[in-house]
Amino acid sequence: MEKMEMEGDVKAAKPKKEDHRIRNTLADFGSNTTAHGFARVVAADSKILKFLWVLVCCLCWGVFIWQAIDFIEKYFRFEVTYSISVDFRELPFPAVTVCNMNPLRQSELDEIDDKYKEKLGFLNFEQRTENETDEEFDWAAPAVTQQILNVSGEGEEEESFEDFYDLDHVQGLNLSAIMSQLPGELRARIGHQKEDLIQECSVNGVKCSSKNFTLVLNPKYGNCYSFNTGANDTGIIRTSKPGPSTGLRLTLFIEQDEYLDDITENAGAVVLVHPPDNVPFPEEQGLELPPGFSTSLGVRLSIIQRVGGKYSDCFKGDEKPLLYEGYNYSVEACVKTCHQKNLIEECQCYDTTLPNDDLTILPCVDKEKGITCMNEVAEKQKIDALGCRKNCHQPCRGRSYKETLSMSQWPSDAYDNKLYKRLSEKSRKITEQLLSVEESRRNLIKLKVYFSELNFESITEKPAFGRIDLLSSLGGLMGLYIGASVISLFEFLEFVGKVCCLIPKKRNVLDDANTKA
């Protein structure tokens, strides 16, 4: 009997021994951890004091966890901030693209094939005699894209079209569509030639010529010419001085006698300042230059660097293939590439005003119901149903130029004779056409493009709350509220490991005791 009682005491003592081990481990952790507060709980000599210290520890840990979650959420929002700095150094000169507002020369229309001449029949719209300004705008009317009109037809359909749309606008769109169908060599031949357009050229005080310009075929303006694009490995010109005395200086001859009858409503040239490796789109981004004026275009460089990744949607330039070969990525080139690809996919035809590398399909203007489908795709593009604007993000590193424009009348009465003498030695057309200062002001444009200052603006996108900020904030919270450090975390992991090792032993002892009982 006495032996059985001793065995029972031993069985009861073993679980108590295991409980003491866990309690001693907890007390040892509280006494030796570098985190503040736990040692006070263990060392408290009264229950009230122990309760107060437990309450303080729970409160501090609660505030720490609450603010830590807030910082972690802030990090995963991936917000950005911008830093702006102004630097000063020698800068690469931008590319300059110039175009005559008249897309093709009147004297060269006979060079166009008969099949295109039939389409060019729309150039002779009959003048309307009634007052068109009284017409009320129809907000529900669909926008015209590349609709080719059959003006030779008769009936109410034509009259209805004229009641809805501005015919001058439609003429320009149709001319662009038809011009784009012509072979490239023919388009270059019937447009204004660079030897005629660019009469004088100098860069940083050094003479240049039309040979330094590269032909760019544009659907609206025909022959455009770009300077300083680095084509043919010519390199990029750099400049170390600001002001109108440096930079690019051009004298342009626009040949108004060659303008298309009843089509080209504006006389002058278009200029676009852009990065050398970007596709020029003067029809969308260019500035119009009137004849008879000297136009000074002061530019200032702005560079923006985006973070990319999870912080902002941007393309590095080599991630998205474009239809414009030889140029870097730009938003405009990406949108036009996307539009052309969607047009080919949905209509099985292509827009002649945009590049196309699939020669097995027809232009939409030559395909049955191609114009209708083309207009439907254009309507989807307007509301971004095709996702072109959504998917064409800004480049991760981009350059732009801020322009300041000023003009003065040119040439002056006193300067005209000297200018005529100098230019007439180069061109027979100048000799025949610029016989008075009025004719000079009607056909000549002076253009100056220069850096207004060599200070350029650098905008850098940075994470508003990055990994370093997160770790610093969490470390500050740990020190402020719980007095812990990274070492304290390892101490806590050690304590958890010891407790996890003791719990199975306690369960085994209890199971053995229950089995023997």
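Numbers at a glance
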| item | result |
| --- | --- |
| ³J(HN,Hα) computed for each position of region 245-252 - Karplus, 6.51 cos²θ - 1.76 cosθ + 1.60, integer Hz, glycine/proline x | 6, 10, x, 9, 10, 10, 10, 10 |
| Relative counts (whole %) of C-alpha pair distances in region 211-335, using bins that are 5 Å wide | 2, 7, 15, 19, 19, 15, 11, 7, 3, 1, 0, 0 |
| Leu447, Leu49 arranged by Cβ crowding within 10 Å, fewest neighbours leading | Leu49, Leu447 |
| Ascending count of other beta-carbon atoms within 10 Å, so fewest first, for Leu493, Leu272 | Leu493, Leu272 |
| Spacing of the two label points (7 Å from each Cα toward its C-beta) at Ser458 and Ser202, in nm | 3.4 nm |
| Cβ-based exposure ranking for Cys500, Cys224, Cys57, in which fewest neighbours within 10 Å come first | Cys500, Cys57, Cys224 |
| Karplus-derived 3J(HN,Hα), 6.51/-1.76/1.60, for each residue of region 74-83, Hz, glycine and proline x | 4, 5, 7, 7, 6, 7, 10, 10, 10, 10 |
| Measure of compaction for region 335-417 (Cα Rg per 2.2 N^0.38 Å) | 1.76 |
| Spin-label pair Cys60/Ile236, simplified geometry with 7 Å Cα→Cβ offset, distance in nm | 5.7 nm |
| 10 °C / 1.306 mPa s Stokes-Einstein diffusion coefficient of region 310-351, Kirkwood radius on C-alpha pairs, µm²/s | 139 µm²/s |
| Ellipsoid semi-axes in whole angstrom, largest first, where each is sqrt(5λ) of the Cα gyration tensor of region 167-247 | 31, 15, 12 |
| Length released on extending from Ser107 to Lys402, taking residue separation times 0.36 nm less the Cα-Cα span | 102.4 nm |
| 5 angstrom amide H check on Thr239, placed H, neighbours 5+ away | Leu91, Phe93 |
| HN-Hα J in Hz across region 429-444 - Karplus 6.51, -1.76, 1.60, θ = phi - 60°, x for Gly and Pro | 5, 4, 4, 7, 9, 9, 8, 8, 5, 5, 5, 5, 5, 7, 10, 10 |
| Sparse-neighbour loop sites [GluC sites (Glu not before Pro); region 405-446; at most 15 other C-beta within 10 Å; DSSP] | Glu425 |
| Selection of trypsin sites (Lys or Arg not before Pro), region 271-366, meeting DSSP coil and at most 15 other Cβ within 10 Å | Lys310, Lys316 |
| Cα-based Rg and Dmax for region 362-403, where Dmax is the largest Cα-Cα distance (Å) | 15.9, 45 |
| Label-point gap, in nm, between Ser85 and Thr431 - each point 7 angstrom along Cα→Cβ | 5.9 nm |
| Gain in span if fully extended, Asp45 to Glu284, counting 0.36 nm per residue against the direct Cα distance | 77.8 nm |
| Translational diffusion of region 278-394, µm² s⁻¹ [Kirkwood Rh, Cα pairs; Stokes-Einstein; 25 °C; 0.890 mPa s] | 148 µm²/s |
| Longest to shortest principal axis, alpha-carbon extents of region 343-384, angstrom | 29, 20, 17 |
| Net length gained if the chain between Val331 and Lys380 were fully extended (0.36 nm per residue, minus Cα distance) | 15.8 nm |
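Only the coordinates and a few stated rules stand behind these numbers; no lab work does. Since we're looking at a predicted model, the values are computed, not measured. A quick note on method: Cβ atoms are made from the backbone with ideal geometry, for glycine too, and the neighbour counts reach across all protein chains shown.
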